[in-house]
Amino acid sequence: MFSRNGIPLYIQLKEKLLKDIKKNYKPGDIIPTEAKLEKEYEVSRITVRKAIEQLENDNIIEKKQGKGTFVKEQKILYDANSIGSLTQRLSKQNHQLTTKSIEYEIIEGEHYVKDLLKCDTLLCIKRFRVLNDVPFALMLNYLDIQKVPNLEKNFNNESLYSFLKNEYEIEFYNAEETVEAKDASREESLKLGIKEESSLLSLHRLSFDKDNNPVEYSDIVIKANMYKHKIILSNDKMSNM
């Protein structure tokens, strides 16, 4: 089953197990015991244990005393220090973010985002996103409808920001973003496949063009157990020298 190519046997087994986990298991599933893996892959118990240790170190699986070894929910690193869509950022980490469903709403009545974008009519894009086939996020993107005519007919790209740049020459240069914790509503829990009042992270972002004009506002809720936020801090005194 494994080749003699100079790569340690436990590394080859680790890679095989990793492929099997991604293909056949979801977070929370229990994987076979060491004895079953030893028999299935025709390797020694020591080889199995080393491969399992490697997967534990990579946070792919976790052992629970007296219960077994389980597939872990993978946390996604969101780098908040650069402009870019969620799709663009995750693709750099070799994660596939896809759209499960999409809706469009034209908002002509009163709405707080109108004041932020300084416009009369909003186009709201509502997307349910899945990450590696696992429910991940609910996204609302607001735009001045006058700046994106016929977007709902033409948008066929997973990355909204790339589409806006290519089709409408709308490019983001800076943004203000806030992050807060919230409990999942009934509707959010049903879509994301979690219990009502489970923890979510809520991101609010106002993006600006090169002339510092507000051009897009987004509200995103992400399953908290799949996400971590990265921010780089600096010393103000040093930056002002």
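Brief remarks on what is shown
- The range 185-208: number of residues that are in a loop (DSSP other than H, G, I, E, B) and either at pLDDT 95 or above or in contact with a Phe, Trp or Tyr (Cβ under 6 Å, 6 or more places away or on another chain) (or both): 1
- Some residue of the range 122-140 being among the basic types (Lys, Arg) and surrounded by 17 or more Cβ atoms within 10 Å (Cβ to Cβ): yes
- Residues being under 19 Å from the mean Cα position of the chain (by Cα) and free of Cβ contacts under 8 Å to residues at least 60 places away in the same chain - total across the range 141-162: 1
- Those residues of the range 160-175 which are open to solvent by 70 Å² or more (accessible area, probe 1.4 Å) and under 19 Å from residue 124 (Cβ atoms), in sequence order: 167
- Some residue of the range 204-220 being under 15 Å from residue 127 (Cβ atoms) and open to solvent by 70 Å² or more (accessible area, probe 1.4 Å): no
The values are calculated or read from the model by the stated rules, or taken from the named source; none is laboratory data. None of the values given here were measured: they were computed from a predicted structure. Glycine also receives a Cβ, built like all others from the backbone with ideal geometry; neighbour counts cover every protein chain displayed. Protein only, heavy atoms only, side chains kept; ligands, DNA and RNA dropped before computing areas. Shrake-Rupley method; radii C 1.70, N 1.55, O 1.52, S 1.80 Å.
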